[in-house]
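Structure, as structure tokens:
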Amino acid sequence: MQSKKSSSRNKGITLKNITESKGFTAFTSVLLAIFLGLIFGFIVMAFAGPQNVFKGFSYILLGGFGRFGDVLYFATPILMTGLSVGLAFRMGLFNIGASGQYTMGMFFALYVGFMWDLPPEIHWIAAIIAGMVGGMLWGFIPGIFKAFLNVNEVITTIMFNYIGMYLVDMLIQGNLVLYLSSNARTNYLPRTVQLPSLGIMGSNVNVGIIMAVIIGIILFIVLEKTTFGYELKATGFNKHASNYAGMKGKTNIILTMVIAGGLAGLGGAFAILAPSAIAGSSMTYEPINIIAVNGFNGIAVALLGSANPIGIIFSATFISFIQRGGTLANLVGYKPEIIDVVIAVIIYFSAFAMIMNSGIGRFIKKYIIKKPHTNILLEDLEAVEEEIEVQNKEAE
Amino acid sequence: MSTVYYLIQNMLPVAIPLLLVALGGMFSERSGIVNIALEGIMLFGAFFGALFVFFIQKSQIDPQVIILIGMVVAGFSGLIYSLLLSFAAVTMKANQTITGVSLNMLIPAAILLFSKMFFNSDGITTNMNFYIRKVPVLGDIPFIGEMFFQKTYLTVVLGLFFLVISVIVFYKTRFGLRLRACGEHPQAADSVGINVYFMRYAGVSISGILGGIGGFFYSVGVLDGNVNGHTGVAGFGFLALAVMIFGQWKPIRILLAALFFAFLRTLAYSVVLIPFLDNLGINQTYYKMLPYIATMVVLAFTSRKSRAPKAEGIPYDKALR
């Protein structure tokens, strides 16, 4: 027992403190999940076409580097919807409705882009703000339903995905300025409302990604450093306790849903307003009665980023990265759907990667390092050991 | 009157998948596991059911028998797929929502991948005709016969049969009582010797079976036996969740909720055929939104007293008793 007295009580930044912090564990478990997901993808590819498997797999792993601008371009919308889902998740709300909010954002941005006559300097900014307002509106209603009528937000947001999708499709088809019925899509947005491109040759990266990252960082600060963020997280941990502590649960629910909706709406605006050379990926909307995929991808992004805004920035980039790699793997005959399978498997594993991770950690400590866990205070350790002994005795 | 017949004949094949999948969700949630994965389970069942039909369609077996066998195939595959959820949620104590979402994401992509590789299309297309023009004898009953036994599918009867079985299992057996106990207070259930892990596995597995069958019935009754990776089951798994909550986690109410939703949906898609509604000149899209809006309105009025199973979503840990 004496040897344990040297347990590290200092709170300085040492390697050990970093490796044993909660964030680091979350990070390694995500890495573990990604690793397992990629292995699964490799196996699927090996079954699909064994001859090119290494080439295809290297495209997936490395292909994104060659087109990093496009990686960021495609990361922008899912980063925003990811932040939307992630923020609601911290509050204990599950915002499946990012798709509907995203679609509303697209529509509002399109509408301002076409119908309002503004000077070019502020036109695109107005369109972005309009997109945010559209998303906010579509987050506000489920928030009201949840706060005052106790309707499960999962249901409300699913319903509002459909309502929003049908509504937007109808409004667009009914508007002759926006809609080109011969092409079954809207007109291309005028140049004045397109986001400024970052001007990197051969890529579509635009100012949207910078804004998205800044919003992510702001959100991180709000969550970690403000009363609102604290109340939000506290409500997520224990609704009743935070209510008891005098936090305004209902206002916070509505506020969270409004912000989450606004974030997803911004994602829609960034997506539709981006100048792009990739046909059909931006600047125009096709009313084909399909719920926006980017909303659901946002769920994956948020979950992979552990609902932490900084984590979400990275996970959005990562998912966009391997998606680009997947389109490249198409060159050697692999279907890009493999990437969707890989992402789903990664999310599946990430759901219990924490547990697997700690299991592996225990295994390593027990059989390889053979050293007791020293970061816990000695008293705690003894208390835990006593408790275990008592339990063991009871079990006998 | 023919309009009424038409609506009912078209409503039932839509209501049955919703009913079955919502019942599945009920079994899972009453055992304490949130089952967001219903959409994926449905699609998985529908896919394997359709795959089975695809391979057997050239034989001379009666279509109704094929439905029966396909139903078993779909139920079994749904069961297998749901094991992924129960393994993560019960054994690994993972977050049930995250697991469910990942299972939903996996299947459409996997189906597209598989279909593109082997069929060079986005899904499975079959040429089977499951439609029953008129049931002999029963179809001749005036009124009722025309409503329920003409222009229908076998799935309707089977679905109602499963509803009856579900009600009996849920309320009249020891198993059902134990299952419900695990969703309300697993610690208490464990203290009287009920194996909570087993009951939760059972609940999710039943939801897998019903979800798979529901998916296959959707493919039979709504898509004419086809399955497509892009449209999937058109959000029916999520709608079933809504129907389940709307039905307050109780079988008979779930039936009513499913009928309500299916009726409005059928109405929305057949506005053109109903002269009265067609003459109103309202944009058809409003009708398409109607089922969702109506569900919201009903939920707004009924949800104040809504009570989800108490222990739902919380992994059961023996050590925390």
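Here each label is just a point 7 Å from Cα along the line to Cβ, and for B:I314 and A:L62 those points are 5.1 nm apart. The HN-Hα couplings worked out from phi for segment A:214-230 by the Karplus form 6.51 cos²θ - 1.76 cosθ + 1.60 (θ = phi - 60°) are 4, 4, x, 5, 4, 4, 4, 5, 4, 5, 8, 10, 10, 4, 4, x, 5 Hz, whole numbers, x standing for Gly and Pro. Qualifying trypsin sites (Lys or Arg not before Pro) in segment A:197-285, where qualification requires a DSSP coil assignment and no more than 15 other C-beta atoms within 10 Å, comprise A:K248. For the residues of B:106-113, the average number of beta carbons from a partner chain within 10 Å of their own beta carbon is 6.
Could you sort out which of A:K225/A:K250; A:K335/B:K93; A:K335/B:K288; A:K146/A:K225; B:K151/B:K250 sit more than 28 Å apart by Cα distance in this structure?
Numbers: A:K225/A:K250 21 Å; A:K335/B:K93 33 Å; A:K335/B:K288 34 Å; A:K146/A:K225 26 Å; B:K151/B:K250 30 Å.
Going by Cα-Cα distance, A:K335/B:K93; A:K335/B:K288; B:K151/B:K250 fall outside the 28 Å limit.
Please report the relative contact order for chain B, taking Cα pairs under 8 Å with a sequence separation of at least 6, and give it as a percent rounded to a whole number.
Working: 567 pairs, mean separation 117.6, N = 321.
Computed over chain B, the figure is 37 percent.
For A:F54, the accessible surface of its heavy atoms amounts to roughly 150 Å² (probe 1.4 Å, protein chains only, rounded to the nearest 10). Apply the a/c threshold of 1.5 to the C-alpha gyration tensor of segment B:10-168 and tell me whether it is rounded, prolate or oblate. Cα axes put segment B:10-168 in the oblate bin.
When only DSSP loop residues count, what chymotrypsin sites (Phe, Trp or Tyr not before Pro) in segment A:92-169 have their Cβ near at most 15 other Cβ atoms within 10 Å? Spell out each step's value before the answer.
Working: sites: A:F94, A:Y102, A:F107, A:F108, A:Y111, A:F114, A:W116, A:W124, A:W138, A:F140, A:F145, A:F148, A:F160, A:Y162, A:Y166; in loops: A:F94, A:W116.
Taking segment A:92-169 and a limit of 15 other Cβ atoms within 10 Å, the loop chymotrypsin sites (Phe, Trp or Tyr not before Pro) found are A:W116.
Listed values for segment A:81-88 are Karplus-derived 3J(HN,Hα) couplings in whole Hz (6.51 cos²θ - 1.76 cosθ + 1.60, θ = phi - 60°), namely 5, x, 4, 4, 5, x, 4, 4, and x replaces Gly and Pro.
The values are calculated or read from the model by the stated rules, or taken from the named source; none is laboratory data. Being a predicted model, the structure only gives us computed values, none of them experimental. Please note: Cβ atoms are built from the backbone with ideal geometry, for glycine as well, and neighbour counts cover all protein chains shown. Ligands, DNA and RNA are excluded from the accessible area calculation, which covers all protein heavy atoms including side chains. Shrake-Rupley method; radii C 1.70, N 1.55, O 1.52, S 1.80 Å.
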